[in-house]
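Take a look at the structure below.
The values are calculated or read from the model by the stated rules, or taken from the named source; none is laboratory data. As the structure is a prediction and not an experimental result, all values here were calculated from the model. For neighbour counting, all protein chains shown are included, and Cβ atoms are generated from backbone atoms with ideal geometry for every residue, glycine included. For accessibility, only protein heavy atoms count, side chains too; no ligands or nucleic acids. Shrake-Rupley method; radii C 1.70, N 1.55, O 1.52, S 1.80 Å.
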Amino acid sequence: MRRPKVAVVDLGRPSALGATRRVESWTTVFSSAGAQVEVVRLLDECAAAPHHVLPAAVRACLLPGRVPESAMWRPSRLRDRLAALDPQVVVVTTARSFAPGTVPASARLVLDYVDLLSANYDRRARLASDPARAAAFRVLARRMARFERWPSGAARRVAAGAADAAALGAEWVPNVVTAGARPSGPPAHDVLFVGTLDYSPNVAAVRRLAGLWPRLQEVRPGTSLLVAGSRPTPEVRRLVDEHGWTMWPDFASLDEVYGAARLAVAPLTEGTGIQNKVLEAAVRGLPQVVSPEVLAGVGSDFPAVVARTDEDIVAEVVTLLDDPVRRCELADRGRRAIDDRFSVQRWAAWAAEVLEEARTPGTSGAGATHGRIPRLIP
């Protein structure tokens, strides 16, 4: 019997690590369910000519079911590409990769919002120091909010973050993670922060660490910090130098970076969606101290130490660093949570359900929106 085919549609920006991670997760889940997965990278295969982008963005602002970022590619090219592939299921990652009429009528559409991008843009507008950049994010936030209210009909609506899925009236389908490894030798650093270092919520987190670091050094002198991630801004580089931290702007593997420290911190005050850094640390047995905002994506009961204030972060980091038994216990709970909620096996069953729906038109699985208008956000 011919394997079912799934097309995953994404903008395909190499620098967008979170989007790349989401595509990898979809590929893994559907492949494990027995499907052949083809990834359509819009900026490689369907890109619009530069002189077409601005007029198309203006039109997208006026059309339902479109957002300005979708002007970077041509809907007609995507329609032709998907028609040639003839997939049974099409997964579209975010509104940036969607335009009405591009998905074949015969295909089951999974509309992946990933996170509540309207809130993401709004927060980035508030964090932006440049007024023009802040204004652009506010425009994108309003257009994304309109898309999030748009009735997507028979699409199966999903999101990666647990809180975002609830706000969108969508199914929660998180990223999956596979087992990692930690080196057998002792780690060289005490504390680790990982993230794309030009993403404003991550930059704000590094800034927060810089503010609390003098107090942490008073309580536990000599504590070391590794900051790892691509594209560090000048501010991040300056803060690393000022506080004597170590920076890895590039690293060979996730196993390498997560194996380099005794515990991870994620003191984000802004952010939406699922925090991949939390999942990657947990699967590698690294205990974590996180802010409440971080757990919105993975569930409030995820086994990490929650610290709400800077003083809490200092106290919890010091306590964990000086208590190896508690660190091991927290790490074990994190690995079990990954097996229970974020494993490939757990979500391959969900993917198999979607494939079965595609084989049997007119049916819907638990939690699907097939055949009805999904609940709109108030």
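For this structure, a couple of remarks:
- Cross-chain or 6+ apart pairs with Cβ under 8 Å, segment 132-146 first and closer than 22 Å to Pro64 by Cβ, then among the basic types (Lys, Arg) and crowded, with 19+ Cβ neighbours inside 10 Å: Phe137/Arg124
- Complete set of residues in segment 28-51 that are free of Cβ contacts under 8 Å to residues at least 40 places away in the same chain and either open to solvent by 40 Å² or more (accessible area, probe 1.4 Å) or not β-branched (Val, Ile, Thr) (or both): Ser31, Gln36, Arg41, Leu43, Asp44, Glu45, Cys46, Ala47, Ala48, Ala49, Pro50, His51
- Exactly one residue out of Pro186, Pro174 is closer than 30 Å to Gly101 by Cβ and either open to solvent by less than 20 Å² (accessible area, probe 1.4 Å) or assigned to a loop (DSSP other than H, G, I, E, B) (or both): that is Pro174.
- Within segment 353-376, tally of residues that are open to solvent by 40 Å² or more (accessible area, probe 1.4 Å) and either small (Gly, Ala, Ser) or at pLDDT below 50 (or both): 11
- A Cβ distance below 6 Å, combined with a sequence gap of six or more or placement on separate chains, defines the contacts here; from segment 184-202, residues that are more than 24 Å from Glu316 (Cβ to Cβ) reach residues that are modelled with pLDDT under 85 and in a helix (DSSP H, G or I) in the pairs Thr196/Leu17; Ser200/Arg124; Ser200/Leu127.
- Segment 290-318 residues that are closer than 22 Å to Arg123 by Cα, paired with ones that are outside any helix (DSSP H, G or I) and hydroxyl-bearing (Ser, Thr, Tyr) (beta carbon under 8 Å, 6 or more apart): Ser291/Thr269; Pro292/Ser300; Glu293/Thr269; Ala296/Thr272; Gly297/Thr272; Val306/Ser291; Ala307/Ser291; Arg308/Ser291
- The residues of segment 270-304 that are under 15 Å from Ala162 (Cα atoms) and not in a loop (DSSP other than H, G, I, E, B), listed by number, are Asn276, Val278, Leu279, Pro292, Glu293, Val294, Leu295.
- Selection within segment 118-141 - touching a Ser or Thr at 6+ places or on another chain (Cβ under 8 Å) and closer than 20 Å to Ala170 by Cβ: Ala119, Asn120, Arg123, Ala141
- Count of residues meeting criterion [out of contact with any helix residue (DSSP H, G or I) (no Cβ under 7 Å at 6 or more places or on another chain) and hydrophobic (A, V, I, L, M, F, W, C)] in segment 305-357: 11
- Of the criteria (1) open to solvent by 10 Å² or more (accessible area, probe 1.4 Å); (2) over 27 Å from Ala128 (Cβ atoms), which one Gly211 fails: (2)
- Any chance Arg124 is within 30 Å of Ala252 (Cα to Cα), assigned to a helix (DSSP H, G or I) and not aromatic (Phe, Trp, Tyr): yes
- Segment 67-86, residues that are touching a helix residue (DSSP H, G or I) at 6+ places or on another chain (Cβ under 7 Å), open to solvent by less than 30 Å² (accessible area, probe 1.4 Å) and not polar (S, T, N, Q): Val67, Pro68, Glu69, Ala71, Trp73, Leu78
- Leu254 meets all of the listed conditions (1) closer than 18 Å to Arg335 by Cβ; (2) without any contact (Cβ under 8 Å) to a residue 12 or more places away in the chain but one, namely (2).
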